[in-house]
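Below is one structure, written out as structure tokens; comments come after it.
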Amino acid sequence: MRIYGDPILRKKAESVKNFDKSLAELVDTLIVTMKQEDGVGLAAPQIGCSLRVAVIDPTGGEEEPLVLINPKITSSSEEHVDNEEGCLSIPGISLKVSRPSLVSVHAFDRDGNEYVIENAEGLLARALQHELDHLDGILFVDRVSPVARQLVAGKLKKLAKTGREKAKVA
Ligand code: CO
């Protein structure tokens, strides 16, 4: 797992061009890692691969995880909602983040078939926005108030040191 401070988490990930065997392997690795780490979602940069691929499982393993390749948010609601968020790349920190309550997303599945998710809400809406942010190098701590961020500044500084060291040997 790449940790806060690792430069790959700040890069804009590349679009997937080939829906080939290596993509299928990446998707499988993401799903396995997400389950092992008990996460709601995981984006490829978090495991060191700067491609626009993410997986989400808002049901805790009850349904097949959603596979999102080259995803785009096509609409989001004016109405925002606050909720607690965490991230496998930012262990030990959770903060309230304000995000649109509804989003629609356009994406491709692992076989290259286009699909849409219309007006996702609740945990799914939040996870979609969180994971899509990862593909643009944005982390949830960027979206909190300056006051909230100040409260975790010390922890983030420590994590960043770990993240940078880990990145060097990865
Ligand atoms: Co995350």
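Every number in this text was worked out from the coordinates using simple rules, so none of it is lab data. Small disclaimer: the values here were computed from a predicted structure and weren't measured. In this analysis, Cβ positions are derived from the backbone assuming ideal geometry, glycine residues included, and neighbour counts consider all displayed protein chains.
Could you list, in sequence order, the residues of region 66-120 that are aliphatic (A, V, I, L, M) and in contact with an Asp or Glu (Cβ under 6 Å, 6 or more places away or on another chain)?
67, 88, 97, 102
Please verify whether region 38-61 includes one or more residues that are in contact (Cβ under 8 Å) with a residue 12 or more places away in the chain, touching a Lys or Arg at 6+ places or on another chain (Cβ under 9 Å), loosely packed, with under 14 Cβ neighbours inside 10 Å and assigned to a strand (DSSP E or B).
So far as region 38-61 goes, no, none of its residues is in contact (Cβ under 8 Å) with a residue 12 or more places away in the chain, touching a Lys or Arg at 6+ places or on another chain (Cβ under 9 Å), loosely packed, with under 14 Cβ neighbours inside 10 Å and assigned to a strand (DSSP E or B).
How about region 10-65: which of its residues are among the β-branched types (Val, Ile, Thr) and under 14 Å from the mean Cα position of the chain (by Cα)?
Once the filter is applied, which keeps residues that are among the β-branched types (Val, Ile, Thr) and under 14 Å from the mean Cα position of the chain (by Cα), region 10-65 yields 27, 31, 33, 40, 47, 53, 55, 56.
Scan region 87-96 for residues that are in contact (Cβ under 8 Å) with a residue 24 or more places away in the chain and either among the small types (Gly, Ala, Ser) or farther than 21 Å from residue 6 by Cβ (or both) and jot them down.
Passing the criteria: 89, 92, 96.
Between a first residue in region 130-149 that is at positive phi and a second residue that is within 12 Å of the ligand (Cβ to nearest atom) and not basic (Lys, Arg), which pairs have beta carbons less than 8 Å apart while being 6 or more apart in sequence or on different chains?
Correct list of pairs: 137/9; 137/45.
I'm trying to understand the selection: among the residues of region 74-90, which are assigned to a loop (DSSP other than H, G, I, E, B), more than 16 Å from the ligand (Cβ to nearest atom) and surrounded by 12 or more Cβ atoms within 10 Å (Cβ to Cβ)?
Hit for region 74-90 is 77, nothing else.
Could you grab the pairs with beta carbons closer than 9 Å, sequence gap of 6+ or different chains, first residue in region 98-121 and at positive phi, second one in a strand (DSSP E or B) and surrounded by fewer than 17 Cβ atoms within 10 Å (Cβ to Cβ)?
Note: pairs meeting the criteria are 119/75.
From the residues in region 18-34 that are more than 18 Å from residue 136 (Cβ to Cβ) and touching a strand residue (DSSP E or B) at 6+ places or on another chain (Cβ under 9 Å), which one is nearest to the ligand (Cβ to nearest atom)?
Filtering region 18-34 for residues that are more than 18 Å from residue 136 (Cβ to Cβ) and touching a strand residue (DSSP E or B) at 6+ places or on another chain (Cβ under 9 Å), the one nearest to the ligand (Cβ to nearest atom) comes out as 34.
Looking at region 130-158, which of its residues are touching a strand residue (DSSP E or B) at 6+ places or on another chain (Cβ under 6 Å), part of a helix (DSSP H, G or I) and more than 12 Å from the ligand (Cβ to nearest atom)?
148
So in region 150-169, with the set limited to residues that are touching a residue at least 40 places away in the same chain (Cβ under 8 Å) and of a type in the set (Gly, Ala, Ser), which one is surrounded by the most Cβ atoms within 10 Å (Cβ to Cβ)?
163
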